[in-house]
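See structure below.
The values are calculated or read from the model by the stated rules, or taken from the named source; none is laboratory data. Just so we're clear, the structure is a prediction, and the values are computed from it rather than from any experiment. Positions of Cβ are backbone-derived with ideal geometry, glycine not excepted, and every protein chain shown enters the neighbour counts.
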Amino acid sequence: MKKLSALLLLSLATYNIHAQSFIQAYQNRAEQVTQTNITSLLQEFAGLGVKTTGSTANTNTLNWLKGKYQAFGYSTSQITEDSFTYNGNTTKNLIITKTGTVYPNIYVIICGHYDTVAGAGVSDNGSGTAILLEAARILKDIPTEYSVKFIHFSGEEQGLLGSSHYVNNVVFQNNVRSINLKVVFNIDQVGGQLGNINNTIKCESDQSGQTANNAPSLAFTQQLAVCTTLYSPLQTSMSNTYASDYIPFENKGDIITGFYEYERSFNEHTVNDTFANVDPTYVYNVGKASVGALQHFAVASTTILATDENQGNQLESVKIYPNPAKNILNIDLPDHIKNFNVEITDMSGKLVLKSENETKINVSNLLNGVYICSLKSENKKIINKILIEK
């Protein structure tokens with residue numbers, strides 16, 4: 001990441017955080033991001049293996065993504081592919097389009113890449129992939145004034161191949177713009193590192209390259225930071241954009257912004273970029289910020305449209321602590337939850353501990369390492385990753 005200029009810091013110091021107001025409907029939808037969904041998506045992404053551009057695993061991941069959108073109820077006409085070749089192999093970007101009600105021909109793009117190198121890439125970029133899926137699920141039937149494109153790029157790791165192909169062949173055709181964009185919101189490597197203090201997210205602003213789009217990029221990134229504060233528990237840190245999928249858009253004059261993890265794990269591009277090493281709670285919180293910001297950028301309906309917008313998984317408020325744990329794992333539940341059970345499995349899926357209606361669980365017999373803690377009550381379930389350290 002590049003260092004912030006003095007001018008950028010001055011701009012932030014004078015920015016009025018009250019320029020954006022809190023919207024209850026936006027928070028309700030941000031709260032529909034679930035820890036269980038995020039954790040499950042990260043696990044599924046990990047299970048798809050090393051997704052090198054053009055590989056079988058890469059294609060399998062594309063099909064997995066398409067299946068998710070189909071399950072959310074997106075139609076065939078909303079799901080399109082953008083094919084290109086790398087080393088003689090075909091790979092594809094996946095584009096899902098949600099049409100706006102007022103400005104159907106102006107698009108907000110939210111994007112992230114799904115290809116990986118060396119490892120399963122659960123942080124880089126299974127984390128962004130999971131957040132895009134949750135945002136698309138939650139906002140599917142929510143009217144937005146601007147159209148939204150959810151884009152999963154391939155070929156990022158080989159030099160932004162997929163995003164470059166999309167920009168130069170879809171956004172522009174024969175060097176003539178065919179798609180008008182309001183902003184490009186990129187999410188790349190927001191998995192954190194389990195055990196770190198993951199309470200801050202970098203909000204990325206374009207302050208290089210073409211100068212004409214620097215000021216609007218800064219303005220949108222300031223809005224991104226405010227949305228993060230309004231709709232998630234995360235703190236924000238302003239940073240400059242770097243080598244990710246928003247750059248080909250910036251090169252054509254478009255306005256870009258993005259999220260990147262603050263406390264860098266350095267697991268990217270290595271075999272250590274696994275589910276065991278990411279912090280799903282961090283991804284969950286970035287997901288809430290992303291849903292809040294996407295609604296703001298696309299100008300989502302401020303009306304609470306149905307009763308299910310107020311109905312979430314009440315188990316999401318359950319606190320499981322400390323993490324890391326040593327001898328006792330505490331379960332803090334709402335008073336109305338009386339019957340529940342907890343299962344702890346190791347990373348291979350083996351059940352190592354089970355309890356029922358216990359709020360203090362003895363984990364002193366567990367070896368040091370990473371475990372999955374599942375809590376169930378009636379037909380609801382949450383999944384958390386815990387670390388045992390003695």
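Please give the number of the condition Gly258 fails out of (1) modelled with pLDDT under 95; (2) under 27 Å from the mean Cα position of the chain (by Cα).
(1)
Any chance the range 210-221 includes a residue that's in a loop (DSSP other than H, G, I, E, B), out of contact with any strand residue (DSSP E or B) (no Cβ under 7 Å at 6 or more places or on another chain) and farther than 30 Å from Gly119 by Cα? Give the steps one after another, and end with the answer.
First, the residues of the range 210-221 that are in a loop (DSSP other than H, G, I, E, B): 210.
Applying the additional criterion that residues be out of contact with any strand residue (DSSP E or B) (no Cβ under 7 Å at 6 or more places or on another chain) yields 210.
Narrowing further to those that are farther than 30 Å from Gly119 by Cα: 210.
For the range 210-221, residues in a loop (DSSP other than H, G, I, E, B), out of contact with any strand residue (DSSP E or B) (no Cβ under 7 Å at 6 or more places or on another chain) and farther than 30 Å from Gly119 by Cα: present.
Residues in the range 222-236 that are assigned to a helix (DSSP H, G or I) and either hydroxyl-bearing (Ser, Thr, Tyr) or crowded, with 24+ Cβ neighbours inside 10 Å (or both): how many? Give the derivation first.
Taking the range 222-236 and keeping what is assigned to a helix (DSSP H, G or I), we get 222-231.
Next, from what is left, pick out any that are either hydroxyl-bearing (Ser, Thr, Tyr) or crowded, with 24+ Cβ neighbours inside 10 Å (or both): 224-225, 227-229, 231.
Total meeting the criteria: 6.
Residues are listed down the side, and each one gets a yes or a no for (1) at pLDDT below 95; (2) part of a helix (DSSP H, G or I):
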residue	(1), (2)
Glu157	no, yes
Ser164	no, yes
Val184	no, no
Gln189	no, no
Gly192	no, no
Gly195	yes, no
